[in-house]
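Reading through the structure tokens given below for one structure.
The values are calculated or read from the model by the stated rules, or taken from the named source; none is laboratory data. These numbers come from a predicted model, not from an experiment. All Cβ positions, even for glycine, are placed from backbone atoms using ideal geometry, and neighbour counts span all protein chains on display. Keep in mind that these areas ignore ligands, DNA and RNA; they rest on the heavy atoms of the full protein, side chains included. Shrake-Rupley method; radii C 1.70, N 1.55, O 1.52, S 1.80 Å.
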Amino acid sequence: MNMTKLADLRALFLLPDRIQQFKAQIQTQQQNLKQQFDPHHSVRNLLNAKSNFIDNILSVAWEYFLADSAQEHVLCAVGGYGREELFPHSDVDVLILLNHQENTELQNQLSNFTNFLWDIGLKPGLSVRTLEECVKEARADQTVITSLLEIRLITGNLTLFTHFTQNIDFHDIWSSKTFFAAKMEEQQKRYCKFNDTAYSLEPNIKESPGGLRDLHIISWVFKYHYKAETLKELIKYDFMPESEYNDLIASRDILWQMRYALHLLTDKHEDRLLFDYQRELAVQFGFIINKQNQNIEQFMQFYFKTVVGLERMNEMLLQLFSERFVCPKGDCEVIVINDDFVEINGYLEARSNSIFQRNPLNLLEIFLILQKNTNLKGVRATTIRLIRKSLGLIDADFRNNPQANYLFIEILRQPHGITHQLRRMNRYGILAAYLPSFANIVARMQYDLFHIYTVDVHTLFVIGNLRRFALKTHQKELPFCYDVFKLVEKPEILYLAALFHDIAKGMGGNHSKLGEHIARDFCQQHALSEHDTKLITWLVRQHLLMSMTAQRKDISDPNVIYEFASQVKNIEYLNHLYLLTVADIRATSHTLWNSWKDILLQELYHACHSSLRRNLQNPVDINQRLLENKQEAQTELLQQNFTAADLEKIWQHNHDDYFLRYATNEIIWHTQAINSCNKQDLPLVLLRSRTQNDSTELFVYTKNEEQIFAICTASLDQLGLTILDARIMTTLDQYTLNSFQVIERLGDIIPDNYRKQHICITLRQNLLAKKTLKPINIHRQSRQAQHFPIKSTVSFHNDPLQKYTVIEFISTDSAGLLSRISEIFISLDIQLHNARITTIGSRAEDIFYTTNKHGNLLSTAQKQTLTTILLDKFT
């Protein structure tokens, strides 16, 4: 029996197991509410029921533990509990308002009361203050005065509570203007924490932009100024029509339902829509399970569209509040901009409700005006509302209007405000209306481990990154990008390429190819020149080319550079592709960009630039490249007291490939090390820092044996190191020169000499022992990675000179992965010559350059056998 009446609850205190009895009552009530929950109906009644139930428990506990003092002081609900919005695992925030300072007896009573609440599992957030202390704390901290706005009597001294609520004027403590400014600063800090976007893939229903906290901000500011009881009075004070208020409440109810479901699903106070819960919630909310996680994407798109609407209403209402509170009527400064718009207190306002009907082109013109008038802070709320109502005017005729096309391109050509206005256009629905293909990616989730934002937000972040390259204030972030950007004649070409590079995501098929067609249609419609059209469409089609080449191919190979340069064709295309590539990677996830990728892309840029400057004539002059590297190293070493005979002795057994695949400084380092050691001292293991890319280079020189690479990779794995790059070279007299670029597991550089010495000693000992080590599972798969199973795949192709069989292997990263692959190669008589190692989260994308034991390409039979074994071992 669910005993919620006060008399029944009081009776529980007479029982010896009262703690268990109260726990049982709470559990029973929780189960009853859980059974009543329906994701498709409002949870308002459930929130009220939980609050009323907790009221009853706290009331009887207050009476029991405070005894005669119960009516002398006041027990109040504050925060969400004060609003009667208790979710299944919400905090129970209470304020105890004292009639006088605590004495020993009262302290003991309150301590027993509080301990009891903890014992029965309520986890209260408790404040104990006198009336004077409340005023003092409220004066010092706006969060205190905010909590007092929602104070509600639970039980106790009604006279004291009435005196507190009726005789203390909060406006004497904080003026509306000051309180408003404090809440704006609070919201700005909260938005910054979430990168100013509601569109992260694991959003917080309560705290993310557009979440419930946005609604709380509206409520607090409004109620503080007007002493209003409910938000419905927004209609009374002419802040919004009833239809908009209904939309506001509908959005709130959706987020309430999601938060309620999330608390029930996790059985804890969890407000984050983590990948762990999205699938189950999608099913609960009626999104039918289908292939490729589409139900999850549809559910999250439903969430994103809800919060962006709430975020937009938050923007409008707070702006209107600002005008009323900060700039009272009569104090507004009005400046005429043109026949259609005026500036009011820094915000752009339509001079007539019919300006968009009369001239629909104003729906684009308004953003151009904002760019040209940098003093403007934004669009006035009434005009935002008017824009939203006028979106239907952007039809096929509008999109094909040359004047509209001109305005859109002009927005991208402005020296200021491009990123801000494109984000504003997206927020108001203009981008999706003007570019129907863009509507396809609005709030579209990318269900993978790499993209942490929806496609539209990622796209606008790419454009934002490109803009940063152009600004001297951000020059120090990426100085090379800043220098290259200065070579770009028409930045709008880059912005358009960024706008379209992912626009075909979710359409099925190759999004780069589909995006190319969409971009071409746009360029032709907007009368862009043939040259600009070709460049934009090529960038969209090839936007992954540079990152794939840098990260998955051996860019020290002149043939790779020639192949890449042949696709790029000229330096203008190279400049654009390089900038777009960097901007794209940096906008995908903050964890994807690092100094290693920075240096790789710069090296590829410079190599390709050099090749293109020679007009691709004789681009693969290997003998010239070999001679240049060798001569540069020789010149430097001769200055270090080496003789030509010394160098001939050390280098005589090196293949020509050695002088192609290693940079001059590496050849010098290797030569110095080999010259300084005796054969009996082998294996030689050395480390040096590479400050230019924040990595460490490890060099191993020893007598060649089959398991050298396997031992090295297993050892480095156990030492907690991530291998970025591996090069394997065997001399004619059967000595191995292996080099590895490594960083710490979490992406840091190796910190100190002690750590470096430990790595060298450990690896040398393992090489001397001549046995591979048993893998230790230090690869803890991230929580998110568990929801993105990685299908193992094996593919083969030959390098441009038909010298190596290139094996591309994708799988889940695991302990000893590289050493196990190496052992498989050994068992199949496959010789490994080079490796490119890429690990993103739990995804391993590794490239191996191989031959058979005779130095020839792998046979079809070897490929088939290798594929079978790899998929069997790593599936």
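Data for the structure
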read-out	value
Among the residues listed as His420, His501, the single one being within 30 Å of Ala282 (Cα to Cα) and out of contact with any Lys or Arg (no Cβ under 9 Å at 6 or more places or on another chain)	His501
In region 122-148, the residues that are within 39 Å of the chain's Cα centre (by Cα), of a type outside the set (S, T, N, Q) and open to solvent by 50 Å² or more (accessible area, probe 1.4 Å)	Lys123, Leu126, Glu137, Arg139, Ala140, Asp141
Test: residue in region 765-774 that is open to solvent by less than 60 Å² (accessible area, probe 1.4 Å), among the polar types (S, T, N, Q), in a strand (DSSP E or B) and at pLDDT 85 or above	no
Matching residues in region 335-359 - criterion: being hydroxyl-bearing (Ser, Thr, Tyr) and in a strand (DSSP E or B)	Tyr347
Single match in Gln25, Gln21 (criterion: open to solvent by 50 Å² or more (accessible area, probe 1.4 Å), part of a helix (DSSP H, G or I) and among the polar types (S, T, N, Q))	Gln21
Leading residue by the ranking (most open to solvent (accessible area, probe 1.4 Å)) among those in region 77-116 that are of a type in the set (D, E, K, R) and closer than 19 Å to Asn56 by Cβ	Asp91
Subset of region 693-716 that is open to solvent by 20 Å² or more (accessible area, probe 1.4 Å) and charged (D, E, K, R) - its residue that is modelled with the highest pLDDT	Lys703
Restricting region 584-594 to residues that are open to solvent by less than 40 Å² (accessible area, probe 1.4 Å) and either touching a Gly at 6+ places or on another chain (Cβ under 8 Å) or at pLDDT below 85 (or both), the residue that is farthest from Thr454 (Cα to Cα)	Leu592
Residue in region 204-213 that is farther than 28 Å from Lys305 by Cβ, open to solvent by 30 Å² or more (accessible area, probe 1.4 Å) and touching a helix residue (DSSP H, G or I) at 6+ places or on another chain (Cβ under 8 Å) present	no
Region 843-874, residues that are open to solvent by less than 10 Å² (accessible area, probe 1.4 Å) and over 21 Å from Met729 (Cβ atoms)	Ala844, Leu866, Leu870
Given (1) within 26 Å of the chain's Cα centre (by Cα); (2) without any contact (Cβ under 8 Å) to a residue 60 or more places away in the chain; (3) buried (at least 17 other Cβ atoms within 10 Å of the Cβ), index of the condition Val283 fails	(3)
Output for region 657-692, where each listed residue is of a type outside the set (Lys, Arg), exposed (fewer than 13 other Cβ atoms within 10 Å of the Cβ) and either part of a helix (DSSP H, G or I) or on the phi > 0 side of the Ramachandran plot (or both)	Ser676, Gln680, Asp681
Unique residue being open to solvent by less than 30 Å² (accessible area, probe 1.4 Å) and either on the phi > 0 side of the Ramachandran plot or at pLDDT below 95 (or both) when the list is Leu478, Leu407	Leu478
Members of region 229-268 that are over 31 Å from the mean Cα position of the chain (by Cα) and outside any helix (DSSP H, G or I)	Glu229, Thr230, Leu231, Lys232, Tyr237, Asp238, Phe239, Met240, Pro241
Top-ranked residue in region 831-864 [being among the charged types (D, E, K, R) and within 15 Å of Val806 (Cβ to Cβ); ranked as modelled with the highest pLDDT]	Lys863
Residue in region 432-444 that is among the aromatic types (Phe, Trp, Tyr), within 18 Å of Ile493 (Cα to Cα) and outside any loop (DSSP other than H, G, I, E, B) present	yes
Asp456 being part of a helix (DSSP H, G or I), at pLDDT below 95 and within 30 Å of Met300 (Cα to Cα)	yes
Where Leu47 falls short, out of the listed (1) at pLDDT 95 or above; (2) open to solvent by less than 10 Å² (accessible area, probe 1.4 Å); (3) assigned to a helix (DSSP H, G or I); (4) closer than 18 Å to Thr155 by Cα	(4)
Every pair of residues 6+ apart whose Cβ atoms lie under 7 Å, when the first sits in region 241-265 and is crowded, with 16+ Cβ neighbours inside 10 Å while the second is in a helix (DSSP H, G or I) and polar (S, T, N, Q)	Ser251/Thr306; Ile254/Thr306; Leu255/Thr306; Ala261/Gln284
Residues being open to solvent by 20 Å² or more (accessible area, probe 1.4 Å) and touching a residue at least 40 places away in the same chain (Cβ under 8 Å) - total across region 56-68	5
Unique residue being charged (D, E, K, R), open to solvent by less than 30 Å² (accessible area, probe 1.4 Å), under 26 Å from the mean Cα position of the chain (by Cα) and more than 30 Å from Ile366 (Cα to Cα) when the list is Asp271, Asp276	Asp271
So Glu63, is it among the charged types (D, E, K, R) and in a loop (DSSP other than H, G, I, E, B)	no
Test: residue in region 342-360 that is at pLDDT 95 or above, under 27 Å from Phe500 (Cα atoms) and surrounded by 19 or more Cβ atoms within 10 Å (Cβ to Cβ)	yes
Test: residue in region 819-830 that is within 37 Å of the chain's Cα centre (by Cα), under 29 Å from Arg688 (Cα atoms) and modelled with pLDDT under 85	yes
Test: residue in region 188-197 that is in contact with a helix residue (DSSP H, G or I) (Cβ under 8 Å, 6 or more places away or on another chain) and aromatic (Phe, Trp, Tyr)	no
Failed item, numbered, when Met425 is tested on (1) under 20 Å from Gly309 (Cα atoms); (2) outside any helix (DSSP H, G or I)	(2)
Leading residue by the ranking (nearest to the chain's Cα centre (by Cα)) among those in region 489-533 that are more than 20 Å from Asn401 (Cβ to Cβ) and of a type in the set (Val, Ile, Thr)	Ile503
